[in-house]
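A.B. asks: One structure is given below, represented as structure tokens, and several questions about it will come after.
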Amino acid sequence: MAAFPSAPAGDPAPAFELKAAAFTLPVIRLMGLDMDAVAEQLAPRVEQAPAFFLHTPVVVDLGALADSDGEVGFPQLVGLLRGLGMIPIGVRGGTTAQHEAAQAMELAILSDGARPKGKGGGDPLPTLITRPVRSGQRVYAAGGDLTVVAAVSSGAELMADGNIHVYGALRGRVMAGLKGRTDARIFCQDLQAELISVAGHYRVSENIPASLKGQRVQIFLDHEVLRIEPL
């Protein structure tokens with residue numbers, strides 16, 4: 001964690017602290033420059049889970065546009081995201097010209113970040129949680145898998161760049177393959193989730209078959225279709 005200078009001796013008691021911290025934010029990866037197409041495809045997805053997106057800070061990923069000389073319609077994009085209840089805060093990837101256009105809309109320019117590694121520079125170590133994950137808590141396994149050997153309450157969130165295993169009742173939101181790993185899977189003993197997602201493809205509770213709720217299942221992508229199968 002980065003250190004900041006302390007207040008000089010004799011100053012009044014500090015009213016705040018400056019700390020460096022890491023946050024996990026949803027990412028919208030633009031695959032083209034047609035903002036009308038983005039609006040047409042994004043709005044129905046938000047309508048499926050409006051509470052998930054409401055007041056959610058989001059980052060716009062321009063990596064797929066690296067070979068494009070076209071201008072990103074940031075005014076339209078920012079207006080679209082705000083209209084859908086999201087809070088666009090910055091962009092990552094893209095060209096210098098795209099960064100300048102983003103800054104004109106008061107968006108931050110974020111680095112792509114390095115993928116965390118385990119000891120010795122090998123694969124990341126898996127994350128193990130042995131206590132219940134309570135409502136409002138977020139657990140993120142950066143670069144690897146996440147295993148929870150306890151219950152996950154409604155309103156809690158599990159996120160992992162790799163697979164997620166839950167050996168207890170899963171009532172919250174669970175998102176595997178957070179950075180686009182389409183081979184990631186979710187395994188759980190008791191499916192009661194509010195939302196399930198693999199590599200950005202998701203279902204909310206209302207779209208999970210009743211016959212699979214409360215069951216031991218695995219969740220995975222099959223040709224960009226999110227599948228739920230009994231174990």
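The values are calculated or read from the model by the stated rules, or taken from the named source; none is laboratory data. None of the values given here were measured: they were computed from a predicted structure. Note that each Cβ is placed from the backbone with ideal geometry, even for glycine, and that neighbours are counted across all protein chains shown.
A.B. asks: Looking at segment 195-212, which of its residues are more than 20 Å from LYS179 (Cα to Cα) and either modelled with pLDDT of 90 or more or crowded, with 19+ Cβ neighbours inside 10 Å (or both)?
C.D. replies: Correct list: ILE208, PRO209, ALA210, SER211, LEU212.
A.B. asks: I would also like to ask the following. Determine the pairs where a residue that is at pLDDT 80 or above, located within segment 47-72, has a partner that is hydroxyl-bearing (Ser, Thr, Tyr) and assigned to a loop (DSSP other than H, G, I, E, B) with Cβ atoms under 6 Å apart, the partner being 6 or more residues away or on another chain.
C.D. replies: none
A.B. asks: Hey, another quick one. Would you say GLY113 is at negative phi and at pLDDT below 80?
C.D. replies: When the stated conditions are applied, GLY113 does not pass them.
A.B. asks: Can you confirm whether segment 96-106 contains a residue that is of a type in the set (Val, Ile, Thr) and either touching a residue at least 12 places away in the same chain (Cβ under 8 Å) or surrounded by 15 or more Cβ atoms within 10 Å (Cβ to Cβ) (or both)?
C.D. replies: No: zero hits.
A.B. asks: Return a yes/no flag: does segment 173-185 have any residue that is under 17 Å from PHE52 (Cα atoms), modelled with pLDDT of 90 or more, touching a Gly at 6+ places or on another chain (Cβ under 8 Å) and surrounded by fewer than 18 Cβ atoms within 10 Å (Cβ to Cβ).
C.D. replies: Within segment 173-185 (the criterion being under 17 Å from PHE52 (Cα atoms), modelled with pLDDT of 90 or more, touching a Gly at 6+ places or on another chain (Cβ under 8 Å) and surrounded by fewer than 18 Cβ atoms within 10 Å (Cβ to Cβ)), the answer is no, since none of the residues qualifies.
A.B. asks: What strands (runs of 3 or more DSSP E) completely inside segment 122-231 contain at least 1 residues that are within 23 Å of VAL58 (Cα to Cα) and either touching an Asp or Glu at 6+ places or on another chain (Cβ under 7 Å) or among the β-branched types (Val, Ile, Thr) (or both)?
C.D. replies: Those strands (runs of 3 or more DSSP E) span 138-141, 157-160, 164-170, 173-176, 195-198, 201-204.
A.B. asks: For VAL78, indicate whether it is assigned to a strand (DSSP E or B), not small (Gly, Ala, Ser) and not assigned by TED's automatic domain parsing to the domain that holds ALA193.
C.D. replies: no
A.B. asks: Here is a list of conditions, (1) modelled with pLDDT under 80; (2) under 24 Å from GLY177 (Cα atoms), and PRO12 meets all of them except one; can you say which number that is?
C.D. replies: Failed condition: (2).
A.B. asks: Within segment 164-196, which residues are more than 16 Å from VAL133 (Cβ to Cβ) and of a type in the set (Ser, Thr, Tyr)?
C.D. replies: Within segment 164-196, just THR182 meets the criteria.
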